[in-house]
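Nothing in this text is a laboratory measurement; each read-out follows from the coordinates by a stated rule. Please read these numbers as outputs of a predicted model, since none were measured by experiment. As a convention, Cβ positions derive from the backbone with ideal geometry for all residues, glycine included, and neighbour counts pool all protein chains shown.
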Amino acid sequence: MNFSFWLDNREYRIKLEEKREKEIVVSLGKKEFRVSVEFISGDEILLNVNGRVHNVIVNSNSLFYSVYVNGRFFKIEKKSVLQILEKSGARPHKRDIKTSMPGRIVKIFVKEGEQVREGQAVLVLEAMKMQNEIKAPQSGTITKINPQAGDSVEAGALLFSIE
């Protein structure tokens, strides 16, 4: 499964691969980390990362996550890509939206060339017997919609592009 996150106005992409129960390999660029997890409570976990154990506590509200790693505090703000770009003075750029898992396209709500708002539903992807609304990560114009309703898509397939 692939994810991306933003830190200091820079996008990072990570890959998670389950090896066995409660053990995953996390890839960030060329670095790999073997991680096992033990759940202590609803908000506390022990992470064993390449043999080093870390106590992690995560609390959340609507604005940010409070994360404590071995007693050290990190505040992670919940921001959309557009908010991050506006703060840095950058303009939104073309983004290709890809699926992180295989599935089937159930419905497409917009057409190529159509304007959308950040958070507006673009299509519905059915994966693992669940229907997921895939939303626009930024306001802009849909420049490409790759699949059609009824199409099956593989993990990593381009769903749509927005500028």
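Here are the numbers for this structure:
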{"quantity": "For q = 0.20 Å⁻¹, Debye-computed log10 I/I(0) when each Cα of the chain counts as one equal scatterer", "calculated": "-1.33"}
{"quantity": "Residue exposure sequence - R10, R34 - by fewest surrounding Cβ within 10 Å", "calculated": "R10, R34"}
{"quantity": "Gyration tensor (alpha-carbon) shape descriptor, the range 2-77, a/c threshold 1.5", "calculated": "oblate"}
